[in-house]
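Below: one structure, written as C-alpha coordinates.
The values are calculated or read from the model by the stated rules, or taken from the named source; none is laboratory data. Quantities reported herein were computed from a predicted structural model and do not represent experimental measurements. Here the Cβ positions follow ideal geometry from the backbone for every residue, glycine too, while neighbour counts run over all protein chains shown.
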Ligand code: ATP
Ligand code: MG
(Lines give C-alpha, C1' and ligand atoms only; values in the text may rest on other atoms or scores of the structure.)
(Ligands and ions follow the chains in the order given, each with its own letter.)
Protein backbone atom coordinates (compact mmCIF):
# COMPACT_ATOMS: atom_id res chain seq x y z
CA UNK A 1 0.00 0.00 0.00
CA UNK A 2 1.19 3.52 -0.68
CA UNK A 3 0.33 6.75 1.12
CA UNK A 4 -1.62 9.49 -0.56
CA UNK A 5 -0.50 13.09 -0.06
CA UNK A 6 -2.36 14.77 2.80
CA UNK A 7 -4.24 17.15 0.47
CA UNK A 8 -5.61 14.19 -1.51
CA UNK A 9 -6.41 12.10 1.56
CA UNK A 10 -8.26 15.07 3.10
CA UNK A 11 -10.60 15.31 0.12
CA UNK A 12 -11.47 11.62 0.43
CA UNK A 13 -11.96 11.91 4.22
CA UNK A 14 -14.20 14.96 3.87
CA UNK A 15 -16.52 13.20 1.42
CA UNK A 16 -16.54 10.00 3.48
CA UNK A 17 -17.40 11.94 6.65
CA UNK A 18 -20.48 13.27 4.83
CA UNK A 19 -21.51 9.69 4.13
CA UNK A 20 -20.28 9.38 0.53
CA UNK A 21 -17.90 6.99 -1.15
CA UNK A 22 -14.75 8.63 -2.51
CA UNK A 23 -11.63 7.37 -4.27
CA UNK A 24 -8.56 8.73 -5.95
CA UNK A 25 -8.32 7.36 -9.50
CA UNK A 26 -6.54 7.94 -12.80
CA UNK A 27 -3.10 9.23 -13.71
CA UNK A 28 -2.02 10.33 -10.24
CA UNK A 29 -2.75 6.93 -8.67
CA UNK A 30 -0.82 5.31 -11.53
CA UNK A 31 2.13 7.70 -11.04
CA UNK A 32 2.11 7.12 -7.28
CA UNK A 33 2.12 3.32 -7.74
CA UNK A 34 5.19 3.86 -9.94
CA UNK A 35 6.79 6.10 -7.32
CA UNK A 36 7.05 9.13 -9.64
CA UNK A 37 5.98 12.71 -8.79
CA UNK A 38 2.46 13.68 -9.85
CA UNK A 39 -0.02 16.54 -9.84
CA UNK A 40 -3.65 17.14 -10.83
CA UNK A 41 -5.24 14.38 -8.74
CA UNK A 42 -8.57 12.99 -9.96
CA UNK A 43 -11.27 11.64 -7.66
CA UNK A 44 -14.47 9.75 -8.20
CA UNK A 45 -17.43 9.73 -5.82
CA UNK A 46 -21.12 8.91 -5.56
CA UNK A 47 -21.80 12.46 -4.35
CA UNK A 48 -23.63 14.47 -7.04
CA UNK A 49 -21.83 17.57 -8.46
CA UNK A 50 -24.09 20.01 -6.60
CA UNK A 51 -23.21 18.34 -3.30
CA UNK A 52 -19.46 18.45 -4.06
CA UNK A 53 -19.75 22.20 -4.72
CA UNK A 54 -21.46 22.66 -1.36
CA UNK A 55 -18.96 20.59 0.58
CA UNK A 56 -15.81 22.28 -0.80
CA UNK A 57 -15.69 26.08 -0.55
CA UNK A 58 -12.87 26.40 -3.13
CA UNK A 59 -14.61 24.37 -5.80
CA UNK A 60 -16.07 25.31 -9.18
CA UNK A 61 -17.61 23.62 -12.23
CA UNK A 62 -14.63 22.62 -14.35
CA UNK A 63 -16.44 21.64 -17.53
CA UNK A 64 -19.89 21.01 -18.85
CA UNK A 65 -19.81 17.34 -17.89
CA UNK A 66 -20.28 17.90 -14.18
CA UNK A 67 -16.61 17.69 -13.18
CA UNK A 68 -15.86 19.84 -10.16
CA UNK A 69 -12.44 21.44 -9.78
CA UNK A 70 -10.90 22.20 -6.40
CA UNK A 71 -8.14 24.73 -5.95
CA UNK A 72 -5.28 23.45 -3.83
CA UNK A 73 -3.33 26.04 -1.85
CA UNK A 74 0.05 25.69 -0.23
CA UNK A 75 0.04 28.72 2.06
CA UNK A 76 0.45 31.13 -0.87
CA UNK A 77 -2.31 33.28 -2.42
CA UNK A 78 -2.35 31.49 -5.73
CA UNK A 79 -3.46 27.86 -6.00
CA UNK A 80 -0.56 25.44 -6.58
CA UNK A 81 -2.70 22.74 -8.17
CA UNK A 82 -6.23 21.89 -9.28
CA UNK A 83 -7.78 18.56 -8.29
CA UNK A 84 -10.84 17.23 -10.07
CA UNK A 85 -13.77 15.37 -8.61
CA UNK A 86 -16.15 13.54 -10.92
CA UNK A 87 -19.36 11.82 -9.93
CA UNK A 88 -19.54 8.10 -10.83
CA UNK A 89 -20.48 7.76 -14.46
CA UNK A 90 -21.44 5.11 -16.92
CA UNK A 91 -21.09 6.41 -20.43
CA UNK A 92 -22.94 4.61 -23.14
CA UNK A 93 -23.22 5.09 -26.89
CA UNK A 94 -20.70 7.20 -28.76
CA UNK A 95 -22.33 7.59 -32.15
CA UNK A 96 -20.08 10.53 -33.08
CA UNK A 97 -16.91 8.75 -31.82
CA UNK A 98 -16.20 11.75 -29.59
CA UNK A 99 -18.73 12.43 -26.91
CA UNK A 100 -20.97 9.99 -25.15
CA UNK A 101 -24.51 10.48 -26.44
CA UNK A 102 -25.67 10.82 -22.90
CA UNK A 103 -23.73 11.03 -19.70
CA UNK A 104 -25.34 8.76 -17.24
CA UNK A 105 -24.52 8.86 -13.60
CA UNK A 106 -23.31 5.48 -12.45
CA UNK A 107 -24.17 4.01 -9.14
CA UNK A 108 -21.06 2.00 -8.37
CA UNK A 109 -17.32 2.47 -8.41
CA UNK A 110 -17.03 -0.66 -10.53
CA UNK A 111 -19.24 0.86 -13.18
CA UNK A 112 -17.19 4.05 -13.18
CA UNK A 113 -13.93 2.15 -13.57
CA UNK A 114 -15.36 0.17 -16.51
CA UNK A 115 -15.75 3.34 -18.63
CA UNK A 116 -12.12 4.42 -18.13
CA UNK A 117 -9.64 4.04 -20.97
CA UNK A 118 -6.73 1.92 -19.78
CA UNK A 119 -6.27 -0.58 -16.96
CA UNK A 120 -3.42 1.50 -15.51
CA UNK A 121 -5.85 4.45 -15.28
CA UNK A 122 -8.61 2.38 -13.69
CA UNK A 123 -7.04 1.77 -10.28
CA UNK A 124 -8.95 3.37 -7.40
CA UNK A 125 -7.89 3.88 -3.79
CA UNK A 126 -9.28 5.65 -0.76
CA UNK A 127 -5.90 5.47 0.96
CA UNK A 128 -6.83 2.31 2.85
CA UNK A 129 -7.88 -0.17 0.17
CA UNK A 130 -7.09 -0.55 -3.51
CA UNK A 131 -9.88 -1.38 -5.96
CA UNK A 132 -8.36 -2.78 -9.13
CA UNK A 133 -10.86 -4.99 -11.02
CA UNK A 134 -8.91 -4.76 -14.32
CA UNK A 135 -5.50 -5.65 -12.84
CA UNK A 136 -4.01 -2.26 -13.57
CA UNK A 137 -1.38 -2.82 -10.87
CA UNK A 138 -0.01 -5.79 -12.82
CA UNK A 139 0.09 -3.71 -16.00
CA UNK A 140 1.89 -0.87 -14.22
CA UNK A 141 4.47 -3.41 -13.05
CA UNK A 142 4.80 -4.79 -16.59
CA UNK A 143 4.82 -1.29 -18.07
CA UNK A 144 1.91 -2.14 -20.32
CA UNK A 145 -0.90 -0.02 -21.76
CA UNK A 146 -4.02 -2.10 -22.23
CA UNK A 147 -7.61 -0.98 -22.73
CA UNK A 148 -10.30 -1.75 -20.18
CA UNK A 149 -12.51 -4.22 -22.08
CA UNK A 150 -12.36 -5.07 -25.81
CA UNK A 151 -9.76 -2.79 -27.39
CA UNK A 152 -11.51 -2.25 -30.71
CA UNK A 153 -14.79 -1.32 -29.06
CA UNK A 154 -13.21 1.01 -26.53
CA UNK A 155 -11.06 2.82 -29.11
CA UNK A 156 -13.83 3.24 -31.64
CA UNK A 157 -16.02 4.72 -28.89
CA UNK A 158 -13.54 7.55 -28.53
CA UNK A 159 -10.62 7.78 -30.95
CA UNK A 160 -8.80 10.27 -28.74
CA UNK A 161 -7.89 7.21 -26.66
CA UNK A 162 -5.54 6.19 -29.51
CA UNK A 163 -3.60 9.43 -28.99
CA UNK A 164 -3.75 9.03 -25.22
CA UNK A 165 -2.23 5.53 -25.51
CA UNK A 166 0.74 6.85 -27.51
CA UNK A 167 1.08 9.87 -25.23
CA UNK A 168 1.10 7.82 -22.02
CA UNK A 169 3.57 5.36 -23.60
CA UNK A 170 5.89 8.30 -24.42
CA UNK A 171 5.55 9.85 -20.99
CA UNK A 172 6.12 6.65 -19.02
CA UNK A 173 8.26 4.59 -21.40
CA UNK A 174 5.54 1.88 -21.51
CA UNK A 175 4.69 -0.62 -24.27
CA UNK A 176 1.25 -0.76 -25.84
CA UNK A 177 -0.13 -4.29 -25.44
CA UNK A 178 -0.59 -6.27 -28.68
CA UNK A 179 -4.39 -6.29 -28.98
CA UNK A 180 -4.58 -2.61 -28.07
CA UNK A 181 -1.86 -1.75 -30.60
CA UNK A 182 -3.62 -3.74 -33.32
CA UNK A 183 -6.88 -1.98 -32.51
CA UNK A 184 -5.21 1.44 -32.77
CA UNK A 185 -4.02 0.48 -36.26
CA UNK A 186 -7.50 -0.66 -37.24
CA UNK A 187 -9.29 2.39 -35.89
CA UNK A 188 -6.69 5.08 -36.69
CA UNK A 189 -8.87 6.69 -39.38
CA UNK A 190 -11.44 7.56 -36.71
CA UNK A 191 -9.00 10.23 -35.58
CA UNK A 192 -10.59 12.43 -38.26
CA UNK A 193 -13.60 12.69 -35.93
CA UNK A 194 -11.50 14.31 -33.19
CA UNK A 195 -10.90 18.05 -33.05
CA UNK A 196 -7.39 19.22 -33.86
CA UNK A 197 -7.25 21.17 -30.60
CA UNK A 198 -7.42 17.93 -28.66
CA UNK A 199 -5.03 16.17 -31.04
CA UNK A 200 -2.57 19.07 -30.68
CA UNK A 201 -2.75 18.92 -26.89
CA UNK A 202 -1.80 15.24 -26.97
CA UNK A 203 0.90 15.86 -29.60
CA UNK A 204 2.46 18.59 -27.45
CA UNK A 205 2.49 16.20 -24.51
CA UNK A 206 4.18 13.54 -26.65
CA UNK A 207 6.79 16.09 -27.78
CA UNK A 208 7.44 17.33 -24.24
CA UNK A 209 7.70 13.77 -22.87
CA UNK A 210 10.93 11.87 -22.07
CA UNK A 211 10.51 9.68 -25.20
CA UNK A 212 9.26 12.00 -27.96
CA UNK A 213 10.99 10.20 -30.84
CA UNK A 214 9.58 6.80 -29.86
CA UNK A 215 6.18 8.49 -29.58
CA UNK A 216 6.41 9.86 -33.12
CA UNK A 217 7.50 6.45 -34.43
CA UNK A 218 4.49 4.91 -32.69
CA UNK A 219 2.25 7.50 -34.36
CA UNK A 220 3.79 6.54 -37.69
CA UNK A 221 3.61 2.78 -37.20
CA UNK A 222 -0.01 2.86 -36.03
CA UNK A 223 -1.10 5.00 -38.98
CA UNK A 224 -2.15 7.91 -36.73
CA UNK A 225 0.54 10.20 -38.16
CA UNK A 226 -1.23 10.10 -41.51
CA UNK A 227 -4.13 12.06 -40.01
CA UNK A 228 -1.99 14.51 -38.04
CA UNK A 229 1.15 15.27 -40.08
CA UNK A 230 0.91 13.61 -43.52
CA UNK A 231 3.81 15.87 -44.64
CA UNK A 232 6.05 14.16 -42.11
CA UNK A 233 4.80 10.72 -43.04
CA UNK A 234 5.78 11.50 -46.65
CA UNK A 235 9.41 12.06 -45.57
CA UNK A 236 9.97 8.43 -44.62
CA UNK A 237 11.74 6.59 -47.43
CA UNK A 238 12.95 9.83 -49.07
CA UNK A 239 16.61 9.06 -49.71
CA UNK A 240 19.30 11.69 -49.29
CA UNK A 241 22.25 9.52 -50.32
CA UNK A 242 24.29 11.28 -52.98
CA UNK A 243 27.69 10.03 -54.13
CA UNK A 244 30.41 11.23 -51.72
CA UNK A 245 27.86 12.95 -49.50
CA UNK A 246 27.50 11.95 -45.89
CA UNK A 247 23.85 11.10 -45.20
CA UNK A 248 23.06 8.02 -43.18
CA UNK A 249 19.28 8.25 -42.94
CA UNK A 250 16.26 8.90 -45.12
CA UNK A 251 14.62 12.28 -44.42
CA UNK A 252 11.91 10.97 -42.07
CA UNK A 253 14.31 8.93 -39.96
CA UNK A 254 16.71 11.87 -39.81
CA UNK A 255 13.91 14.11 -38.49
CA UNK A 256 12.94 11.60 -35.81
CA UNK A 257 16.59 11.12 -34.80
CA UNK A 258 17.06 14.90 -34.64
CA UNK A 259 14.04 15.07 -32.33
CA UNK A 260 15.56 12.31 -30.19
CA UNK A 261 18.76 14.35 -29.86
CA UNK A 262 17.04 17.70 -29.19
CA UNK A 263 18.29 19.17 -25.93
CA UNK A 264 15.46 21.67 -25.50
CA UNK A 265 12.41 20.49 -23.57
CA UNK A 266 10.20 23.13 -25.22
CA UNK A 267 7.54 21.38 -27.34
CA UNK A 268 7.68 24.12 -30.02
CA UNK A 269 11.46 23.79 -30.42
CA UNK A 270 11.02 20.02 -30.52
CA UNK A 271 8.26 20.34 -33.15
CA UNK A 272 10.50 22.64 -35.21
CA UNK A 273 13.30 20.08 -34.95
CA UNK A 274 10.93 17.34 -36.07
CA UNK A 275 9.66 19.38 -39.03
CA UNK A 276 12.72 21.37 -40.11
CA UNK A 277 13.31 19.34 -43.32
CA UNK A 278 9.64 18.78 -44.10
CA UNK A 279 10.08 20.55 -47.46
CA UNK A 280 12.48 17.86 -48.65
CA UNK A 281 9.79 15.37 -49.70
CA UNK A 282 8.17 17.69 -52.29
CA UNK A 283 11.52 19.10 -53.55
CA UNK A 284 13.45 15.82 -53.93
CA UNK A 285 15.23 15.57 -57.30
CA UNK A 286 17.81 13.07 -58.53
CA UNK A 287 20.16 13.81 -61.40
CA UNK A 288 20.19 10.55 -63.34
CA UNK A 289 23.74 10.96 -64.73
CA UNK A 290 25.54 12.13 -61.59
CA UNK A 291 23.27 10.39 -59.09
CA UNK A 292 23.24 13.61 -57.07
CA UNK A 293 20.11 14.25 -55.02
CA UNK A 294 19.00 17.85 -54.41
CA UNK A 295 16.26 19.53 -52.41
CA UNK A 296 16.27 22.90 -54.09
CA UNK A 297 14.51 25.59 -52.00
CA UNK A 298 13.31 23.01 -49.52
CA UNK A 299 13.31 25.48 -46.62
CA UNK A 300 11.03 27.85 -48.54
CA UNK A 301 8.59 25.10 -49.54
CA UNK A 302 8.92 23.75 -46.00
CA UNK A 303 7.99 27.11 -44.50
CA UNK A 304 4.82 27.11 -46.58
CA UNK A 305 3.92 23.65 -45.31
CA UNK A 306 4.65 24.82 -41.78
CA UNK A 307 2.02 27.56 -42.11
CA UNK A 308 -0.55 24.98 -43.20
CA UNK A 309 0.42 22.69 -40.34
CA UNK A 310 0.17 25.55 -37.80
CA UNK A 311 -3.34 26.31 -38.98
CA UNK A 312 -4.39 22.69 -39.01
CA UNK A 313 -3.09 22.09 -35.49
CA UNK A 314 -4.60 25.38 -34.28
CA UNK A 315 -1.30 26.60 -32.88
CA UNK A 316 -1.35 29.88 -30.98
CA UNK A 317 -0.02 32.93 -32.82
CA UNK A 318 3.11 32.91 -30.75
CA UNK A 319 3.82 29.22 -31.28
CA UNK A 320 3.14 29.53 -35.04
CA UNK A 321 5.58 32.40 -35.34
CA UNK A 322 8.35 30.62 -33.46
CA UNK A 323 7.79 27.43 -35.43
CA UNK A 324 7.94 29.40 -38.68
CA UNK A 325 11.12 31.27 -37.81
CA UNK A 326 12.94 28.19 -36.56
CA UNK A 327 12.14 26.15 -39.67
CA UNK A 328 12.36 28.93 -42.28
CA UNK A 329 15.88 30.00 -41.25
CA UNK A 330 17.31 26.72 -39.98
CA UNK A 331 19.84 26.59 -42.79
CA UNK A 332 21.90 29.58 -41.65
CA UNK A 333 25.54 29.30 -42.70
CA UNK A 334 28.27 28.73 -40.19
CA UNK A 335 31.50 29.86 -41.83
CA UNK A 336 34.55 31.51 -40.32
CA UNK A 337 34.79 33.84 -43.36
CA UNK A 338 31.37 35.38 -42.70
CA UNK A 339 31.39 39.12 -42.13
CA UNK A 340 29.99 40.66 -38.96
CA UNK A 341 27.16 42.14 -41.03
CA UNK A 342 26.23 38.69 -42.33
CA UNK A 343 26.05 37.38 -38.78
CA UNK A 344 23.97 40.37 -37.73
CA UNK A 345 21.58 39.69 -40.58
CA UNK A 346 21.11 36.16 -39.27
CA UNK A 347 20.40 37.52 -35.79
CA UNK A 348 17.89 40.03 -37.13
CA UNK A 349 16.03 37.33 -39.07
CA UNK A 350 15.93 34.81 -36.28
CA UNK A 351 15.47 37.32 -33.46
CA UNK A 352 17.70 37.44 -30.38
CA UNK A 353 15.04 35.70 -28.31
CA UNK A 354 15.10 32.65 -30.62
CA UNK A 355 18.86 32.27 -31.01
CA UNK A 356 19.48 29.66 -28.34
CA UNK A 357 16.50 27.64 -29.61
CA UNK A 358 17.91 27.82 -33.13
CA UNK A 359 21.27 26.56 -31.86
CA UNK A 360 19.47 23.71 -30.08
CA UNK A 361 17.87 22.85 -33.42
CA UNK A 362 21.23 22.98 -35.21
CA UNK A 363 22.90 20.70 -32.67
CA UNK A 364 19.95 18.25 -32.88
CA UNK A 365 20.16 18.39 -36.69
CA UNK A 366 23.87 17.48 -36.53
CA UNK A 367 23.40 14.67 -34.01
CA UNK A 368 20.35 13.36 -35.87
CA UNK A 369 22.48 13.07 -39.01
CA UNK A 370 25.23 11.14 -37.27
CA UNK A 371 27.62 14.09 -36.90
CA UNK A 372 29.37 15.13 -33.71
CA UNK A 373 27.52 17.50 -31.39
CA UNK A 374 29.61 20.49 -32.38
CA UNK A 375 32.60 21.58 -34.43
CA UNK A 376 35.19 24.30 -34.04
CA UNK A 377 33.27 26.25 -36.68
CA UNK A 378 30.04 26.10 -34.74
CA UNK A 379 31.82 27.07 -31.52
CA UNK A 380 33.46 30.02 -33.26
CA UNK A 381 30.09 31.02 -34.70
CA UNK A 382 28.47 30.99 -31.25
CA UNK A 383 31.27 33.16 -29.93
CA UNK A 384 30.79 35.62 -32.78
CA UNK A 385 27.02 35.70 -32.19
CA UNK A 386 27.81 36.98 -28.71
CA UNK A 387 30.45 39.44 -29.91
CA UNK A 388 28.42 41.11 -32.63
CA UNK A 389 25.52 41.58 -30.24
CA UNK A 390 27.70 43.77 -28.04
CA UNK A 391 28.22 46.07 -31.01
CA UNK A 392 25.44 48.46 -32.09
CA UNK A 393 22.73 47.27 -34.43
CA UNK A 394 21.13 50.50 -35.47
CA UNK A 395 21.66 54.25 -35.37
CA UNK A 396 19.75 54.40 -32.09
CA UNK A 397 22.37 52.19 -30.44
CA UNK A 398 25.12 54.73 -31.18
CA UNK A 399 26.76 56.38 -28.16
CA UNK A 400 25.76 59.81 -29.56
CA UNK A 401 22.34 61.18 -30.51
CA UNK A 402 20.73 63.68 -32.86
CA UNK A 403 20.88 66.25 -30.07
CA UNK A 404 24.66 65.98 -30.00
CA UNK A 405 24.81 66.46 -33.77
CA UNK A 406 22.55 69.56 -33.67
CA UNK A 407 24.49 71.09 -30.81
CA UNK A 408 27.96 70.56 -32.26
CA UNK A 409 27.02 71.54 -35.83
CA UNK A 410 24.69 74.26 -34.59
CA UNK A 411 21.82 73.17 -36.84
CA UNK A 412 18.06 72.76 -36.37
CA UNK A 413 16.28 69.41 -36.90
CA UNK A 414 16.51 68.37 -40.57
CA UNK A 415 17.87 65.74 -42.94
CA UNK A 416 21.47 66.68 -42.17
CA UNK A 417 21.16 65.20 -38.66
CA UNK A 418 20.16 61.79 -40.00
CA UNK A 419 22.88 61.92 -42.64
CA UNK A 420 25.61 62.48 -40.04
CA UNK A 421 24.29 59.74 -37.76
CA UNK A 422 24.04 57.30 -40.67
CA UNK A 423 27.58 58.09 -41.73
CA UNK A 424 28.84 57.46 -38.20
CA UNK A 425 26.81 54.26 -37.97
CA UNK A 426 28.21 52.92 -41.25
CA UNK A 427 31.75 53.31 -39.91
CA UNK A 428 30.94 51.78 -36.52
CA UNK A 429 29.06 48.94 -38.19
CA UNK A 430 31.98 48.12 -40.48
CA UNK A 431 34.37 48.23 -37.54
CA UNK A 432 36.48 51.23 -38.64
CA UNK A 433 35.17 53.40 -35.80
CA UNK A 434 34.64 52.59 -32.13
CA UNK A 435 31.21 53.18 -30.56
CA UNK A 436 32.70 55.46 -27.90
CA UNK A 437 31.02 58.74 -26.97
CA UNK A 438 34.18 60.88 -26.85
CA UNK A 439 35.46 59.52 -30.14
CA UNK A 440 32.11 59.99 -31.88
CA UNK A 441 31.66 63.55 -30.56
CA UNK A 442 35.04 64.45 -32.06
CA UNK A 443 34.09 62.77 -35.31
CA UNK A 444 30.94 64.94 -35.57
CA UNK A 445 33.23 68.00 -35.65
CA UNK A 446 34.53 66.74 -39.03
CA UNK A 447 31.10 67.49 -40.56
CA UNK A 448 31.37 71.22 -39.78
P1 LIG B 1 -2.77 13.47 -17.28
O2 LIG B 1 -3.39 14.08 -16.05
O3 LIG B 1 -1.31 13.40 -17.29
O4 LIG B 1 -3.36 14.04 -18.55
P5 LIG B 1 -4.49 11.24 -16.73
O6 LIG B 1 -4.40 9.77 -17.03
O7 LIG B 1 -4.73 11.62 -15.30
O8 LIG B 1 -3.17 11.91 -17.30
P9 LIG B 1 -6.77 12.88 -17.36
O10 LIG B 1 -7.09 13.50 -18.68
O11 LIG B 1 -6.43 13.72 -16.20
O12 LIG B 1 -5.61 11.81 -17.65
O13 LIG B 1 -7.99 11.93 -17.02
C14 LIG B 1 -8.17 11.35 -15.73
C15 LIG B 1 -8.70 9.93 -15.87
O16 LIG B 1 -9.94 9.95 -16.57
C17 LIG B 1 -7.83 9.00 -16.69
O18 LIG B 1 -6.77 8.45 -15.95
C19 LIG B 1 -8.82 7.97 -17.14
O20 LIG B 1 -9.14 7.08 -16.10
C21 LIG B 1 -10.04 8.82 -17.43
N22 LIG B 1 -10.08 9.29 -18.82
C23 LIG B 1 -9.57 10.45 -19.32
N24 LIG B 1 -9.80 10.58 -20.63
C25 LIG B 1 -10.48 9.47 -20.99
C26 LIG B 1 -11.05 8.99 -22.21
N27 LIG B 1 -10.91 9.69 -23.35
N28 LIG B 1 -11.70 7.81 -22.18
C29 LIG B 1 -11.84 7.11 -21.04
N30 LIG B 1 -11.34 7.49 -19.87
C31 LIG B 1 -10.67 8.66 -19.83
MG1 MG C 1 -4.93 13.69 -14.55
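Odds and ends about this structure:
- Residue 35 vs. criteria modelled with pLDDT under 95 and within 11 Å of ligand 1 (Cβ to nearest atom): no
- Residue check for residue 398: modelled with pLDDT of 90 or more and within 24 Å of residue 351 (Cβ to Cβ): no
- If you go through the stretch 167-179 and keep only what is within 13 Å of ligand 1 (Cβ to nearest atom) and assigned to a helix (DSSP H, G or I), you end up with 167, 168, 169, 170, 171, 172.
- The set of residues from the stretch 23-36 being touching a helix residue (DSSP H, G or I) at 6+ places or on another chain (Cβ under 7 Å) and either over 23 Å from residue 106 (Cα atoms) or away from ligand 2 (no atom under 13 Å from the Cβ) (or both) comprises 23, 33, 34.
- Whichever residue in the stretch 283-301 is touching a strand residue (DSSP E or B) at 6+ places or on another chain (Cβ under 9 Å) and crowded, with 19+ Cβ neighbours inside 10 Å and, among such residues, is farthest from residue 329 (Cα to Cα): 295
Matching residues to (1) surrounded by 12 or more Cβ atoms within 10 Å (Cβ to Cβ); (2) at pLDDT below 90; (3) within 16 Å of ligand 2 (Cβ to nearest atom):
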| site | (1), (2), (3) |
| --- | --- |
| 53 | yes, no, no |
| 82 | yes, no, yes |
| 103 | yes, yes, no |
| 110 | yes, no, no |
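- Inter-residue pairs, beta-carbon under 6 Å, first over 13 Å from residue 126 (Cβ atoms) and in the stretch 38-54, second more than 16 Å from ligand 2 (Cβ to nearest atom) and part of a helix (DSSP H, G or I), 6+ apart: 47/15
- Looking across the stretch 170-202, the residues that are within 17 Å of residue 213 (Cα to Cα), in contact with a strand residue (DSSP E or B) (Cβ under 7 Å, 6 or more places away or on another chain) and surrounded by fewer than 23 Cβ atoms within 10 Å (Cβ to Cβ) come down to 174, 175.
- Subset of the stretch 120-142 [within 16 Å of ligand 2 (Cβ to nearest atom) and not in a loop (DSSP other than H, G, I, E, B)]: 120, 121, 124, 125, 136, 140
- Looking across the stretch 7-21, the residues that are part of a helix (DSSP H, G or I) and either within 14 Å of ligand 1 (Cβ to nearest atom) or touching a helix residue (DSSP H, G or I) at 6+ places or on another chain (Cβ under 8 Å) (or both) come down to 8, 14, 15.
- Inspection of the stretch 420-433 identifies at least one residue that is in a loop (DSSP other than H, G, I, E, B) and either surrounded by 14 or more Cβ atoms within 10 Å (Cβ to Cβ) or in contact with a helix residue (DSSP H, G or I) (Cβ under 6 Å, 6 or more places away or on another chain) (or both).
- For residue 63, the stated conditions do not hold, so it cannot be described as more than 16 Å from residue 109 (Cβ to Cβ) and either more than 16 Å from ligand 1 (Cβ to nearest atom) or touching a helix residue (DSSP H, G or I) at 6+ places or on another chain (Cβ under 7 Å) (or both).
- Residue within the stretch 327-337 that is in a helix (DSSP H, G or I), without any contact (Cβ under 8 Å) to a residue 12 or more places away in the chain and either under 17 Å from the mean Cα position of the chain (by Cα) or surrounded by fewer than 20 Cβ atoms within 10 Å (Cβ to Cβ) (or both) present: no
- In the stretch 367-377, the residues that are in contact (Cβ under 8 Å) with a residue 24 or more places away in the chain and assigned to a helix (DSSP H, G or I): 367, 377
- Which numbered condition residue 209 fails, given (1) surrounded by fewer than 17 Cβ atoms within 10 Å (Cβ to Cβ); (2) touching a helix residue (DSSP H, G or I) at 6+ places or on another chain (Cβ under 7 Å): (1)
- Test: residue in the stretch 143-159 that is away from ligand 1 (no atom under 16 Å from the Cβ), crowded, with 20+ Cβ neighbours inside 10 Å and assigned to a loop (DSSP other than H, G, I, E, B): no
- Among the conditions (1) buried (at least 16 other Cβ atoms within 10 Å of the Cβ); (2) in a loop (DSSP other than H, G, I, E, B); (3) within 11 Å of ligand 1 (Cβ to nearest atom), the only one that residue 24 does not satisfy is (2).
- Options 20, 43; residue that is at pLDDT 95 or above, more than 14 Å from ligand 2 (Cβ to nearest atom) and in contact with a strand residue (DSSP E or B) (Cβ under 6 Å, 6 or more places away or on another chain): 20
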